[in-house]
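*Asks:* I am attaching a structure below and will ask some questions about it afterwards.
Any read-out appearing in this document is the output of simple, stated calculations on the displayed coordinates, not a laboratory observation. All values reported here derive from a predicted model rather than from experimental measurement. In this analysis, Cβ positions are derived from the backbone assuming ideal geometry, glycine residues included, and neighbour counts consider all displayed protein chains.
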Amino acid sequence: MKLAAELKAINAALDTYRQQLDEIPDDVFAETPAIGGWSFAEVYSHIMQASLGSSVAAEKCCNKTGSTTTEGLNWKGMLVFLLGRFPPGKRKAPPAVAELTKNITKEEARNLIIKVRKRLESVVPLTHHAPDNNKISHPGLGMLNARQWIKFLRIHLEHHLAQLSRIRKSFPQE
């Protein structure tokens, strides 16, 4: 997918996150679902913080402050990037990522969505001229360059939309 298409898909996913945020009842937003795992609030915290982190990594690659290397994606990364999505099934966030996840308010989630959009507006144009060999390590996928960080951001946003759907289905429908 070209960079413009990736950005379009990212914005569509962020639109969906924003729309769903308004549809989630306030009284269940921070509640742990019956199926276990993260609450809506924790998913929003995780995905928006991870998106900000991915945009920072992409920017570092653009500014050549990552590592200059020929290393690339590991086998998991190659699979994810080949498919353009995570393989089916649940997975656990790396411990360092999970530690940053917390219950946030809906207002904090709205503000994080806005912050992610603004970061991307400033970072994505830089990626057009970013060197392919300047990379930052991803905790599970290997070494990613700026354009790969943007693609990962899209894949990751779309992955967690499915998680929100599972959480929503676990609550009684009114």
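*Asks:* Compute the relative contact order of the chain as a whole-number percentage, counting only Cα pairs closer than 8 Å that sit 6 or more residues apart in sequence. Walk me through the intermediate numbers first.
*Replies:* On the way: 214 pairs, mean separation 70.1, N = 174.
The normalised contact order for the chain reaches 40 percent.
*Asks:* If you place +1 on the Cβ of every Lys and Arg, -1 on the Cβ of every Asp and Glu, and leave all else neutral, what size is the dipole of the range 39-113 about its Cα centre, to the nearest 20 Debye? Working shown, then result.
*Replies:* Values: 10 positive and 6 negative charges, 48 e Å.
Around 220 debye, computed over the range 39-113.
*Asks:* Just one of (1) 9.7; (2) 14.8; (3) 10.3 is mean projected area of the Cα convex hull in nm² as worked out from the coordinates here. Which one is it?
*Replies:* Read-out taken from this structure: (1).
*Asks:* With only alpha-carbon atoms counted, please give the Rg and Dmax of the range 71-174, in Å.
*Replies:* Here Rg and the maximum Cα pair distance are 15.8, 52 Å.
*Asks:* Could you work out which residue, out of 19, 148, 49, moves most in a Gaussian network model of the chain, that is, has the largest mean-square fluctuation with Cα springs under 10 Å?
*Replies:* Ranking 19, 148, 49 by mean-square fluctuation puts 19 first.
*Asks:* Quick one: 3J(HN,Hα) in Hz for the range 100-106, Karplus 6.51/-1.76/1.60 with θ = phi - 60°, rounded, Gly and Pro as x.
*Replies:* Residue by residue, the range 100-106 yields 7, 7, 8, 6, 10, 7, 4 Hz.
*Asks:* Okay, moving on. Quick one: Cα centre-to-centre distance for the range 120-162 and the range 38-96, in angstrom?
*Replies:* Each part reduced to its Cα centre gives a spacing of 7 Å.
*Asks:* Go from 0 up to the bin containing the longest alpha carbon distance in the range 1-55, width 5 Å each, and give me the % of pairs per bin.
*Replies:* Per 5 Å bin, starting at 0, the Cα pair percentages come out as 4, 16, 21, 24, 16, 10, 6, 2, 0.
*Asks:* Taking 19 Å as the cut-off for C-alpha to C-alpha distance, list the pairs among 8/169; 60/106; 118/151 that go past it. All intermediate terms of the calculation are to be shown ahead of the outcome.
*Replies:* Working: 8/169 28 Å; 60/106 30 Å; 118/151 17 Å.
Table pairs above 19 Å Cα-Cα are 8/169; 60/106.
*Asks:* Of 149, 165, 29, whose Cα points farthest to the positive end of the dipole of the chain (charges on the beta-carbon: +1 Lys, Arg; -1 Asp, Glu; origin at the Cα centre)?
*Replies:* Highest projection toward the positive end goes to 149.
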